[in-house]
């Protein structure tokens, strides 16, 4: 009996050791400054800690390929990236599922982009095929992390908030935001660049609303787990936020 118990103790010790490891980023091409890397590290650790608190096991190894200029980034993207249905090249950053790396360039707003794409790497490390509305919604919300503070603080993503400020005046605001959960990946990609109710803004508005409510981080955690179980998103939202359809518009009207 002593031997199995000893083995069990060793397994538990190794598990706890791995659990406690900080998230690490392997940079290729360009590197960040010491200050940038420290700021990014705080943001990544915040995300890892959140997923861990929700009983999830995200990777602690992220590979980031940063090019010095857009032309280098564009050339690499066109040579190495596989595009999903309805998707198109990006001018900023993307996460490669096949290469397991996030790819970007020295564009303005680099750190928020690294946080955004790192969320994809973390989520996909324990949830292989998340629905795009959930995956992008989380990344858009986490892009609002103020990584310079200790601990990082989550704020509204300013670009999305500006767009919502205009869209809440339209009568179909609530219907369009809630409808994002029913989009196929092709439809989601095709709606990404719409002037009104683009899919990314709708995803952000939905997830940020849920996150901002009482017990919001736990609600979002249960939303992720329910999607992993295959529960229809509409049923989950009805269970977790029964008055969502009535509360969404007043929430943003008060926020703005």
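The values are calculated or read from the model by the stated rules, or taken from the named source; none is laboratory data. Fair warning: this is a prediction, and the values are worked out from it, not measured in the lab. Here the Cβ positions follow ideal geometry from the backbone for every residue, glycine too, while neighbour counts run over all protein chains shown.
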- Test: residue 229 is out of contact with any helix residue (DSSP H, G or I) (no Cβ under 8 Å at 6 or more places or on another chain), free of Cβ contacts under 8 Å to residues at least 12 places away in the same chain and closer than 19 Å to residue 127 by Cα: yes
- Query: In the stretch 57-84, how many are farther than 20 Å from residue 25 by Cα and in a loop (DSSP other than H, G, I, E, B)?
  - Reply: 5
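Table: residues versus (1) part of a loop (DSSP other than H, G, I, E, B); (2) under 15 Å from residue 210 (Cα atoms); (3) outside the structural domain of residue 225 (by TED's automatic domain parsing).
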{"residue": "134", "(1), (2), (3)": "no, yes, yes"}
{"residue": "140", "(1), (2), (3)": "no, yes, yes"}
{"residue": "151", "(1), (2), (3)": "yes, no, yes"}
{"residue": "163", "(1), (2), (3)": "no, no, no"}
{"residue": "166", "(1), (2), (3)": "no, no, no"}
{"residue": "171", "(1), (2), (3)": "yes, no, no"}
{"residue": "175", "(1), (2), (3)": "no, no, no"}
{"residue": "181", "(1), (2), (3)": "no, yes, no"}
- Based on what the data block shows, is residue 241 exposed (fewer than 13 other Cβ atoms within 10 Å of the Cβ) and within 24 Å of residue 145 (Cβ to Cβ)? no
